[in-house]
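Report on the following structure.
Laboratory data are not the source of any read-out in this text; all were calculated from the coordinates shown. Fair warning: this is a prediction, and the values are worked out from it, not measured in the lab. Neighbour counts are summed over all protein chains in view; Cβ atoms, including those assigned to glycine, are modelled from backbone coordinates with ideal geometry.
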Amino acid sequence: MKFKNLRIFGGREKPVTPDFSRLPQHIAIIMDGNGRWATARALPRTAGHRAGSENFRRIATLCNDIGLKYLTVYAFSTENWSRPKNEVDAIMSLFKEYLIEACGELTKKNITLKIIGDTAPLSEDIRELIRETDRLSLGNTGLHVNVCLNYGGRAEIVRAAQTLAQKVRNGELNPEQISAADFSACLDTAGIPDPDLIIRPSGELRISNFLLWQSAYAEYYFTSVLWPDFDQEELFRAIADYQGRSRRYGGIEKR
Ligand code: IPE
Ligand code: IPE
Ligand code: MG
């Protein structure tokens, strides 16, 4: 594989253990590299998506086990509709499979599952399953998982602007008084803290329309490992790397 030995940020090869007493509150992951993972094994791209969705289950379980509060994963972007129909159909049927499975597990595992993005164009059976997972998530206090499905940061910002414009038109809001908090409250992630750490596997150094508003002060971690291979060791390395950083938010180092 082209990127096998390349680490873009991160560096250390030996396993590292993060400090579990000061985990980031919210980790977001761009689950990228499924296609290349499959191609490298002479498999169809859809096999890569299956491997990717299995890895999502493993990483979400791990995040729940270590006591993470919020995990957001980028699963399907507003731009991914441009892929061949058979690939899109395969991805949608993997979602359906996952949602059916989640319905049986959320309560048992105390997990909240929220689908983020514009669900309107999704098939009615998927939308019905989303309503069911919303219902089954109510009152759960363990890991909160956001799955971004038909999600694009720009589309989300446009929808928030439309909501605010509507409020102005209804006389509920004065345009001069619109604050950043008002804006955040109209996003799909309303009520969810901004991500502290955004991880992108697969060697790409871009954000691809993910959490544009929410990532204002996120720490980024890029690795060449492809998503289906991104395991506990990789996650711990990313968290430990994050823990070594100084977040200043435009201020100066606290002494
Ligand atoms: C991420 O893997 C999954 C989706 C975007 C749906 P890709 O399918 O983009 O994998 P690569 O980037 O082609 O390897
Ligand atoms: C980003 O990956 C979207 C998801 C992982 C769901 P892409 O593979 O679609 O992004 P680009 O095309 O490399 O920017
Ligand atoms: Mg990709």
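A compact table of results
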item	result
Near pairs, Cβ below 9 angstrom, 6+ apart or cross-chain, from the range 80-92 (closer than 17 Å to CYS148 by Cα) to any residue that is of a type in the set (Asp, Glu) and near ligand 1 (Cβ under 10 Å from one of its atoms)	ASN80/GLU87
Selection status of ASP118, more than 16 Å from ligand 3 (Cβ to nearest atom) and acidic (Asp, Glu)	yes
The lone exception for LEU197 - which of (1) within 16 Å of GLN25 (Cβ to Cβ); (2) surrounded by fewer than 16 Cβ atoms within 10 Å (Cβ to Cβ); (3) hydrophobic (A, V, I, L, M, F, W, C); (4) in contact with a Pro (Cβ under 6 Å, 6 or more places away or on another chain) it fails	(2)
Subset of the range 33-65 that is more than 16 Å from ligand 2 (Cβ to nearest atom) and over 30 Å from THR141 (Cβ atoms) - its residue that is surrounded by the most Cβ atoms within 10 Å (Cβ to Cβ)	ALA47
Some residue of the range 165-183 being within 21 Å of the chain's Cα centre (by Cα) and more than 16 Å from ligand 1 (Cβ to nearest atom)	yes
Every residue from the range 200-237 that is crowded, with 21+ Cβ neighbours inside 10 Å, more than 15 Å from the chain's Cα centre (by Cα) and away from ligand 1 (no atom under 16 Å from the Cβ)	ARG237
Residue check for ALA102: within 15 Å of ligand 1 (Cβ to nearest atom), on the phi < 0 side of the Ramachandran plot, surrounded by 15 or more Cβ atoms within 10 Å (Cβ to Cβ) and not charged (D, E, K, R)	no
